[in-house]
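**Student:** Have a look at this one before I ask anything.
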Amino acid sequence: MMPDINADDESSSKNAGNTSNVGYLQGLNSKQLEAVEAVDGAVLVLAGAGTGKTRVLTARLAHLIAQKVAMPWSILAVTFTNKAAREMRDRVTNIIGPMAEQVWLGTFHSLGARMLRRHAELVNLKPNFTILDTDDQIRLIKQIMQAENLDEKKWPPRVLSGVIQRWKDRGLTPEKVSDDEAKQYSDVKLAEIYSQYQDRLSVLNAADFGDLLLHCLTIFQQNPDVLREYQNRLTHLLVDEYQDTNVAQYLWLRFLGTR
């Protein structure tokens, strides 16, 4: 059972535990301190915006290392933005020093890319694959549409690219797109375009942002030994703004967190 901790509690932390005099714990209220010191099992922190959730997550990360509960390289900490990742890295470095560099800390995309580069050959890529931006993705979709003589005015490439990215956010490879969903775009053969798009990415040794997690899901599903490597290594998963995760992000975390 995952305990829910309301970090909005304004009560003082001074009587919350005998470790509250540790520098990174000072200033935390009792509920925040409870979340930081709950080192065993899953913890869900419920709080409003601006109430210190990221600070709690950072303190929890530092606490796991400082108390020798976990080694830095066995912790994965995920944020949604590069700015948040940098801030968390800086805060943790200030607390525990150079060991912070060993933590798997970053955005979903950056951590997915890091894992994917280690196992790129398992999805027909090379470790130095290129990550396409939105404009490049649309340009590639447009090339496929032109080859298929499809009407770009009726089906703008940007719209079709958006649909494909939403499928990826749901963890759907071309093979997993249901017939019912494909029928919605049957006159433009979007499921086929999606498949061709993925084939072209492979030929170009490229991936888009959606692939960074989608390919990881494929690798985990098809290579149990690779998955076990990460499951054995990563003993603690810390996720900022967990409520905002999409399906692919959730599945990625679930794979890594399953024991």
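**Student:** Going by what's in this entry, would Ile164 be described as aliphatic (A, V, I, L, M), over 21 Å from His215 (Cα atoms) and at pLDDT 95 or above?
**Tutor:** no
**Student:** Then there is this: Can you name the condition, by its number, that Arg60 falls short on among (1) buried (at least 21 other Cβ atoms within 10 Å of the Cβ); (2) more than 22 Å from Asp244 (Cβ to Cβ); (3) charged (D, E, K, R)?
**Tutor:** Every condition holds for Arg60 apart from (2).
**Student:** Check Ala191, Ala207 and return the single one that is among the small types (Gly, Ala, Ser), surrounded by 16 or more Cβ atoms within 10 Å (Cβ to Cβ) and within 21 Å of Tyr250 (Cα to Cα).
**Tutor:** Matching residue, one of Ala191, Ala207: Ala207.
**Student:** On the basis of being modelled with pLDDT of 90 or more and buried (at least 17 other Cβ atoms within 10 Å of the Cβ), does Ile138 make the cut?
**Tutor:** Here the answer is yes, as Ile138 does meet what is asked.
**Student:** Now, a different point. Does Val69 count as surrounded by fewer than 19 Cβ atoms within 10 Å (Cβ to Cβ), not charged (D, E, K, R) and not in a helix (DSSP H, G or I)?
**Tutor:** yes
**Student:** If Leu237 passes every condition in (1) in contact with a Ser or Thr (Cβ under 9 Å, 6 or more places away or on another chain); (2) outside any helix (DSSP H, G or I) but one, which one does it miss?
**Tutor:** Of (1) in contact with a Ser or Thr (Cβ under 9 Å, 6 or more places away or on another chain); (2) outside any helix (DSSP H, G or I), only one is false for Leu237: (1).
**Student:** Still on this structure, please answer the following. Filter region 20-76 for residues that are modelled with pLDDT under 85 and acidic (Asp, Glu) and give the result.
**Tutor:** Asp40
**Student:** Quick one: in region 33-53, of everything that is part of a helix (DSSP H, G or I) and touching a strand residue (DSSP E or B) at 6+ places or on another chain (Cβ under 8 Å), which residue is surrounded by the most Cβ atoms within 10 Å (Cβ to Cβ)?
**Tutor:** The qualifying residue surrounded by the most Cβ atoms within 10 Å (Cβ to Cβ) is Ala35.
The values are calculated or read from the model by the stated rules, or taken from the named source; none is laboratory data. Since we're looking at a predicted model, the values are computed, not measured. As a convention, Cβ positions derive from the backbone with ideal geometry for all residues, glycine included, and neighbour counts pool all protein chains shown.
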